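Here is the structure we will look at.
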Amino acid sequence: MISAVHEDAFVASHGAPPLTVRKAAMRDVRPILRLINDYAALGLMLPRTEFELSEAIRDFTVVTSGRDLVGCGALHFYSPTLAEIRSLAVREQAKTHGVGRKLVEALLAEAEQYELDAVFAFTYVVEFFHKVGFQAVERGALPLKAWKDCLRCPKFQSCDEVAVLRILRPDHWVEALPEIWAPTPDDQLIPVPTPLLP
Ligand SMILES: CC(C)(COP(=O)(O)OP(=O)(O)OC[C@H]1O[C@@H](n2cnc3c(N)ncnc32)[C@H](O)[C@@H]1OP(=O)(O)O)[C@@H](O)C(=O)NCCC(=O)NCCS
């Protein structure tokens, strides 16, 4: 088992209940936790606690097949114009069947509802994000407060994640740049991680 459901429970097209995309509920906390922390154990994601997930559950969208949770992702706001897609994970057995794309599309639709200008992510799966309309950007091009989670990451000093960005409202985005990048007093305390040279 990699998550809350049995390994053979997901069949892409034949026999499996249809996929449903919906906002997460509290009953999803434990399955989401298992999904994320299984990937965290492989060094692919940041681990989460039950407390953190309960606190942030309103950020989450999930994909289910019948009673099985097959994927999750969160939209986390950073400013009135910018949010991060994070905690994006699809069960091993459900990968490459469009679940990740459904999650990103739902999170982008949510971002548009909130009239955000852009959404970013830090990721190892750059090609996946290209496929769903993101572009790679300079890591330092994101506001420093976006790095706050990095402080507790074991890879903080040797981070090799790539920053990707999807601009939703190009006209607003350009106008908002000076405000977005203006550092706050807290930002000054957070050094931007720099990749180690090979
Ligand atoms: C990354 C992840 C969320 C993708 O989910 P998925 O359901 O497999 O993705 P989809 O099936 O929706 O794929 C959409 C497209 O991206 C491509 N794609 C998916 N994963 C890819 C990968 N690792 N490398 C290259 N392309 C990939 C698919 O082939 C598909 O392309 P197509 O539209 O041309 O057919 C999933 O692999 C996962 O959970 N990985 C482990 C956790 C992780 O790394 N999360 C990301 C944290 S930022």
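The values are calculated or read from the model by the stated rules, or taken from the named source; none is laboratory data. It should be emphasised that the depicted structure is a prediction, and the values quoted were computed from it without experimental measurement. A quick note on method: Cβ atoms are made from the backbone with ideal geometry, for glycine too, and the neighbour counts reach across all protein chains shown.
Yes or no: THR81 β-branched (Val, Ile, Thr), modelled with pLDDT of 95 or more and more than 14 Å from the ligand (Cβ to nearest atom)? Let's see the steps before the verdict.
Details: β-branched (Val, Ile, Thr): yes; modelled with pLDDT of 95 or more: no; more than 14 Å from the ligand (Cβ to nearest atom): yes.
Criteria not met by THR81.
Of everything listed in (1) under 23 Å from GLY133 (Cα atoms); (2) touching a residue at least 40 places away in the same chain (Cβ under 8 Å); (3) within 12 Å of the chain's Cα centre (by Cα), the single unmet condition for LEU88 is (2). VAL125 meets all of the listed conditions (1) in contact with a strand residue (DSSP E or B) (Cβ under 6 Å, 6 or more places away or on another chain); (2) under 15 Å from MET45 (Cα atoms) but one, namely (1).
Looking only at the range 110-146, filter to residues that are under 20 Å from ASP171 (Cα atoms) and either within 15 Å of the ligand (Cβ to nearest atom) or within 12 Å of the chain's Cα centre (by Cα) (or both); which one of those is modelled with the lowest pLDDT?
Among those that are under 20 Å from ASP171 (Cα atoms) and either within 15 Å of the ligand (Cβ to nearest atom) or within 12 Å of the chain's Cα centre (by Cα) (or both), it is LEU142.
A Cβ distance below 8 Å, combined with a sequence gap of six or more or placement on separate chains, defines the contacts here; from the range 49-61, residues that are closer than 19 Å to ASP38 by Cβ reach residues that are among the hydroxyl-bearing types (Ser, Thr, Tyr) in the pairs PHE60/SER87. Scanning the range 95-121 for residues that are surrounded by fewer than 22 Cβ atoms within 10 Å (Cβ to Cβ), outside any loop (DSSP other than H, G, I, E, B) and of a type outside the set (A, V, I, L, M) returns ARG101, LYS102, GLU105, GLU110, GLU112, GLN113.
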